[in-house]
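The structure appears below as structure tokens.
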Amino acid sequence: MYDYDYEYDILGVLRLLRYLHMYKPDRAAALASGETAFTADDVLEFLYYSTEELFDDCFTDYDEMNGSETMYIYDRVFDDYLDLNAELFCPGSGPTLAIRRKFEDAVCFFLADRNCGIFDMTIHYEDDSPQIRLEFAEGYCEPSALVIVLTDMMHYLQRENEHMRQIIEKRSTAIVSLPQNYKEAA
């Protein structure tokens, strides 16, 4: 673009709005209608506070004693990813340990070794629903990098879910049509 200092922040806003427009259009409309003009400082504030719009449930906790910030994330997309993998690879059973590890690997791919200030990441399961816990380094959180990484992660999971749904649908169609073809051949 034009090599401005806030170019990366603008790209973060555009990625966030694009994702929301594709998968959560009501949230995209609400975010886009609120602001008409941004300054460079407004963009950072917008990114910081709109991170929560990506997820069904997201909240941030600030620990004043040690100055750290922790973000807890849950989205139905996580559950769908686990359920669709279980249906695809282990029909009739729930998410296995291997499927959970596959989910954790996908999340770690996007969130590990990034320059967005994540100090620690854990994934907890409650009733087979994963919740991601991100702890940020003391006094450091790069909102634009965080939004881009989280948006990319959610977009990847959405695309994987769509792909698995197509495979499952093709598989069920092939199984249903097999007996009819078999009868006709006999």
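Throughout, read-outs are computed from the coordinates displayed, never taken from laboratory work. Given the structure is predicted, the values throughout are model-derived calculations rather than measurements. Here Cβ is always computed from backbone atoms with ideal geometry, including for glycine, and neighbour counts include all displayed protein chains.
Extent along the principal axes, Cα only, for segment 76-124: 40, 18, 16 Å, with the longest axis given first. Taking the inverse of the mean 1/r over every pair of distinct Cα atoms in segment 7-178 gives a Kirkwood hydrodynamic radius of 17.4 Å.
Under a Cβ-Cβ cut-off of 11 Å, what is the net charge of the residues other than D128 that fall near it, where Lys and Arg count +1 and Asp and Glu count -1? Around D128, the charge tally is -3.
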